[in-house]
Every structure is written in structure tokens, then in C-alpha cells.
Amino acid sequence: MRTPREHRSSRAYRTARTLMFGIYGTVCHWCGHPGATEADHLIPLSVWPDQPIDPHALRPIHGVNGNEGLGCPTCTRRCNQERGASLTKPDLNTSEDW
């Protein structure tokens, strides 16, 4: 079994990450703002450590590795670190109850 560090440092992962940005662009799937520079596993590696390396299982997300560690250039959230190993998105406060 690969460790998460070995998973992210493999050539296959780097290729999948590049393909993921080609497929989904750089809009962060967590906050919805452009400029994401990291890849987020939809199912965290802590939950499924041996998941296959697949660009369709990744999504663009802001984090501390891009934008000089400042996170999202629009809302300044560090989305990847905020999400952690959760499987769900945060609750959105809307102007109406649905």
C-alpha cells in the first residue's frame, strides 16, 4: 500500500493532476472561485488510501501550496486544508430557505 506522500509524488499522479486541470480548469470546487492550484481527491486518501490514480477522481482546489501560501485570491480561504478529510461540502448560507 502506498503512503499518501508516495501517491502524490508519483509520475502517474502528476500526470493525472495535469489532466485534471485540463478537464476541469482552475475553478475551485470548494469555494467556486478561480485560481485553484492544487488537486483535491474527491474521496480523501485517508478514507481510501489505495484508490486508483484517475484525473476524474480529482478536482481543482485552493490550498497553501499555491498563491504564495495565501489560499484563494478572492476569499483567502485555504480550501484544501479547510476541507481536510471530510466527504461533504460546507453548508451554504443562502438568502432563502429551500
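Numbers for the structure displayed
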{"quantity": "Helices (runs of 4 or more DSSP H) contained entirely in the chain, each with at least 3 residues that are at pLDDT 90 or above and of a type in the set (A, V, I, L, M)", "calculated": "11-24"}
{"quantity": "Tally, over segment 11-40, of residues that are surrounded by 16 or more Cβ atoms within 10 Å (Cβ to Cβ) and in contact with a strand residue (DSSP E or B) (Cβ under 6 Å, 6 or more places away or on another chain)", "calculated": "10"}
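The values are calculated or read from the model by the stated rules, or taken from the named source; none is laboratory data. All values derive from a computational prediction rather than experimental measurement. For neighbour counting, all protein chains shown are included, and Cβ atoms are generated from backbone atoms with ideal geometry for every residue, glycine included.
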